[in-house]
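Remarks on the structure that follows.
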Amino acid sequence: MALFDAVLELADDHLVLGHRISEWCGHAPMLEEDLAMPNMALDLIGTARVLYDHAGKLEGQGRDEDVLAYTRGEREYRNCLLVERENGDFAVTMLRQFYFAAFMEPYWQAAANSSDAVIAGVAGKAVKEMAYHIRHAGEWVIRLGDGTEESAAKMRDAVDELHRYTGELFEEGAAEGEDALPSRASIRPAWEATVAGVFAEANLEMPEVRYAQTGGRNGIHGEALGHMLAEMQVLARAHPGAVW
Amino acid sequence: MANETPLWEVFIRPRNGLSHKHVGSLHAADEVLALNAARDVYTRRSEGTSIWVVRSSQIVASDPDQAEENFEPTGDKIYRHPTFYDIPEEVGHM
């Protein structure tokens, strides 16, 4: 079931981050971003749906996308820690988005020739979406990092807060030895080049991480994920099988 | 923030061969963010193949007080409209 577990990890990354950005809907600092963030959330949730559907079929136990998304508890979620971090301020949200997209864009590039037709199909579409997320979030990282004294301080705080979660992106997790999926470790040079390019323009320094945070792929999460899942799953748990 | 953020006019070309059409306006700090915002706000339903943004302050507009002298003189010159001959069907969209 290694491929099932590996696809589930990918799906969880996308659903959790998609839900996180959707929390901004109606609360963004300006109308333009209030539309842009749900756009990004819908890209991620759309990818998550295809991946959950695929995972359910790989598993062959009759679990569909809704069962996988709405009935698993915190310890069963296999997303990396970066995506579950709380939104914080706009700097944290944009930096988190930039870090994730800078990883996923080259990842999907590498997955485009996957022997698994569903993965290859998702990759072809998602690579364009991630390219735009890099651009959108990256431009904000630059604007805030190289902006006013206050915006620069907030962006530096965001880097200090989030950078420790980026190492986990490159752990192979359940995909270890899976031919159908790219090696995560092999994405590191592309990720570092993208981040270094934006950091140079943003006057930000790449921090040295002493204690990298990890554990998400084994279901060991921060406190934030449980609260998020409780809110995301409450309706499906209160009314199992409800349709509209 | 809105007080300091410039206003931009957005023009979208729906298909190749058609011209850019004004679709609305938005706020953005500079031209790069304006293009991004235009993409996010005005092309969510596959409306476009190309985007232009122009700072609203750069638009030179005609004076509404001169509307009569500008536009009314053309009202009675119906011979300027191509309505006195039939367009063959094969010509299609004109």
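The values are calculated or read from the model by the stated rules, or taken from the named source; none is laboratory data. Nothing here was measured: the structure is a model prediction, and the numbers come from that model. Because the Cβ atoms are built from the backbone with ideal geometry, glycine has one as well, and the counts that use them run over all protein chains shown.
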Q | Qualifying residue in the range A:100-112 (condition: in contact with a Pro (Cβ under 6 Å, 6 or more places away or on another chain), buried (at least 20 other Cβ atoms within 10 Å of the Cβ) and not aromatic (Phe, Trp, Tyr)) | A | yes
**Q.** Test: B:Ser62 is loosely packed, with under 13 Cβ neighbours inside 10 Å, over 17 Å from A:Tyr132 (Cβ atoms) and touching a residue at least 40 places away in the same chain (Cβ under 8 Å)
**A.** no
Q: Considering every residue within the range A:46-64, establish whether at least one is under 29 Å from A:Phe90 (Cβ atoms), surrounded by fewer than 23 Cβ atoms within 10 Å (Cβ to Cβ) and within 14 Å of chain B (Cβ to nearest Cβ).
A: yes
(Q) Against the definition (farther than 23 Å from A:Arg143 by Cβ and among the aliphatic types (A, V, I, L, M)), how does B:Val23 come out, yes or no? (A) yes
Q: Just one of (1) closer than 30 Å to A:Leu144 by Cβ; (2) among the hydrophobic types (A, V, I, L, M, F, W, C); (3) not in a strand (DSSP E or B) trips up B:Ala67, so point out which.
A: (1)
Q. Do you know which residues across the range B:43-59 are among the basic types (Lys, Arg) and either more than 14 Å from chain A (Cβ to nearest Cβ) or not in a loop (DSSP other than H, G, I, E, B) (or both)?
A. B:Arg55
Q. Can you list the helices (runs of 4 or more DSSP H) found entirely within the range A:57-129 that contain at least 2 residues being of a type in the set (Asp, Glu) and over 12 Å from the mean Cα position of the chain (by Cα)?
A. A:65-70
Q. In the set B:Val32, B:Val54, which member is surrounded by fewer than 18 Cβ atoms within 10 Å (Cβ to Cβ), closer than 25 Å to B:Pro6 by Cα, at pLDDT 95 or above and over 19 Å from the mean Cα position of the chain (by Cα)?
A. B:Val32
Q | Residue count, the range A:16-42 (criterion: away from chain B (no Cβ under 11 Å) and either in a helix (DSSP H, G or I) or touching a strand residue (DSSP E or B) at 6+ places or on another chain (Cβ under 6 Å) (or both)) | A | 8
Q) Taking the condition closer than 29 Å to A:Gly138 by Cβ, in contact (Cβ under 8 Å) with a residue 40 or more places away in the chain and hydrophobic (A, V, I, L, M, F, W, C), does A:Ala224 pass? A) yes
Q. Taking the condition free of Cβ contacts under 8 Å to residues at least 40 places away in the same chain and either within 14 Å of chain B (Cβ to nearest Cβ) or crowded, with 21+ Cβ neighbours inside 10 Å (or both), does A:Glu129 pass?
A. no
Q) Any residue at all in the range B:17-28 that is modelled with pLDDT under 90, away from every other protein chain (no Cβ under 14 Å), loosely packed, with under 14 Cβ neighbours inside 10 Å and in contact with a Ser or Thr (Cβ under 9 Å, 6 or more places away or on another chain)? A) no
**Q.** Subset of the range B:1-42 (residues that are of a type in the set (A, V, I, L, M) and assigned to a helix (DSSP H, G or I))
**A.** B:Val32, B:Leu33, B:Ala34, B:Leu35, B:Ala37, B:Ala38, B:Val41
